[in-house]
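Enquirer: The structure that follows is given in the form of structure tokens.
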Amino acid sequence: MKWFEPRRHAYPWRGTSDPYAVLVSEVMLQQTQAARVVPAFERFLGRFPTVAALAQAPRADVVRVWEGLGYNRRAVALSEAARAIVRDHGGRVPADPEELERLPGVGPYTAAAVASFAYGATIAAVDTNVRRVVARARLGREPGEVRRDTIDDEAGRWLDRGHPAEWNQALMDLGREVCRPEPRCEACPIAADCRSRSGSRRSRMAPRRTAPFEGSMRQVRGGIVRLLRRRAASVGELAAQAGFPVERIVDAIGALVGDGLVVADAAARAGRATGRVRLAD
């Protein structure tokens, strides 16, 4: 906690207990580095300052303001979550983690984080970074060597029940900055009590493999959404401007329609170059 103190206000969402702002930040932080989220978070709240404002906004506007964060289906999920909060919860973000998990785009970690950071719930918020810290420091293992529920249970036992929000944030920062996949044990404030300090453990782990982005369906989808933020377009125009074959564009459009991100006319769904596509309302 002493190590965390200078980091307490490192990000703008840590300066608020507004449940809506916390929910927005946590959805943005899914699969996106915190430094990239900062300007997007401030821009998003400037455009949609309340859950009611977000619920009333056309989905296309939400996706446009989301620009730069990637994984655009999160914007759709956040829009749908806001509408559900207004419709089912009187415009108030739920405090109960189980109710939070019923919202679109909210999984167990995000539900725990919102309950902890916004409402002070005594619940462990276990993301990838926290899971790594708990597995190493408390169990002496790598996270991939231990059942997830075992790590979650240990995180709950380790939780500082007097300061749950600060504790959860401190462990997240520790995992992000120090207890990385290649740990910086020399900089760790809890190294003396860590059950896994051997630097050789990581070298025996299988290297993490990530799917290449270049040429991937994610790149095609992102390119289409980026172009549609400016204006509606035909399949042929999207193929020419994005630089992918029509077949790849049509496949991506089908996936985007399924995610509720875009609307395509019958010709576009049939794969004709003249078919029109736009962001969903």
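Enquirer: Could you calculate the contour length gain from E214 to D281, that is, 0.36 nm times the residue separation minus the distance between their Cα atoms, to one decimal place in nm?
Expert: 21.2 nm
Enquirer: Under a crude label model (7 Å from the Cα following the beta-carbon direction), how far is D96 from R180 in nanometres?
Expert: Label-label distance for D96 and R180, simple model: 4.2 nm.
Enquirer: What full-extension length gain, to one decimal in nm, is calculated for D193 and D265 as 0.36 nm per residue of separation minus the Cα-Cα distance?
Expert: Numbers: separation 72, 0.36 × 72 = 25.92 nm, distance 6.09 nm.
Net length gain for the segment: 19.8 nm.
Enquirer: Per residue and in Å³, how big is the convex hull formed by the alpha-carbon atoms of the chain?
Expert: Values: hull volume 39.4 nm³, N = 281.
Per residue, the Cα convex hull of the chain comes to 140 Å³.
Enquirer: Could you compute the FRET efficiency for E145 and H89, with r as their C-beta to C-beta distance and R0 at 35 Å, rounded to 0.05? Could you put the intermediate results ahead of the total?
Expert: Details: r = 40 Å, r/R0 = 1.14.
My answer for the efficiency is 0.30.
Enquirer: Working from Cα positions, state the angle (0 to 90°, nearest 10) between the long axis of helix 164-177 and the longest principal axis of the chain.
Expert: On a 0 to 90 degree scale, this one is about 80.
Enquirer: Which of the peptides 109-115, 28-34, 58-64 is most tightly packed, and how do the rest follow, judged by the mean count of other Cβ atoms within 10 Å per residue? Don't jump to the answer; show the numbers that get you there.
Expert: Numbers: 109-115: 24.6, 28-34: 15.9, 58-64: 18.3.
Sorting 109-115, 28-34, 58-64 by mean packing, highest first, produces 109-115, 58-64, 28-34.
Enquirer: Provide the FRET efficiency to the nearest 0.05 for the A255-K2 pair, computing r from the beta carbons and using R0 = 45 Å. Display every interim value, and only then the final one.
Expert: Numbers: r = 47 Å, r/R0 = 1.05.
Computed FRET efficiency for A255 and K2 comes out at 0.40.
Enquirer: Let me ask you something else. Across 10 Å bins from 0, what is the distribution of all Cα-Cα pair distances for segment 218-279, in whole percents?
Expert: Per 10 Å bin, starting at zero, the Cα-Cα P(r) for segment 218-279 comes out as 27, 67, 6 percent.
Enquirer: What percentages, rounded to whole numbers, describe P(r) for segment 5-119 computed over all alpha carbon pairs with 10 Å bin width beginning at zero?
Expert: 15, 51, 31, 3
Enquirer: A further question follows. For the pair T128 and R36, what calculated FRET efficiency results from E = 1/(1 + (r/R0)^6), where r is the Cβ-Cβ distance and R0 = 25 Å, to the nearest 0.05?
Expert: Here the calculated transfer efficiency is 0.90.
Readers should treat all values here as calculations from the given coordinates under stated rules, not as data from a laboratory. Values in this document were obtained by computation on a predicted structure and should not be read as measured data. Every residue, glycine as well, gets a Cβ built from its backbone with ideal geometry; the counts of neighbours run over all protein chains shown.
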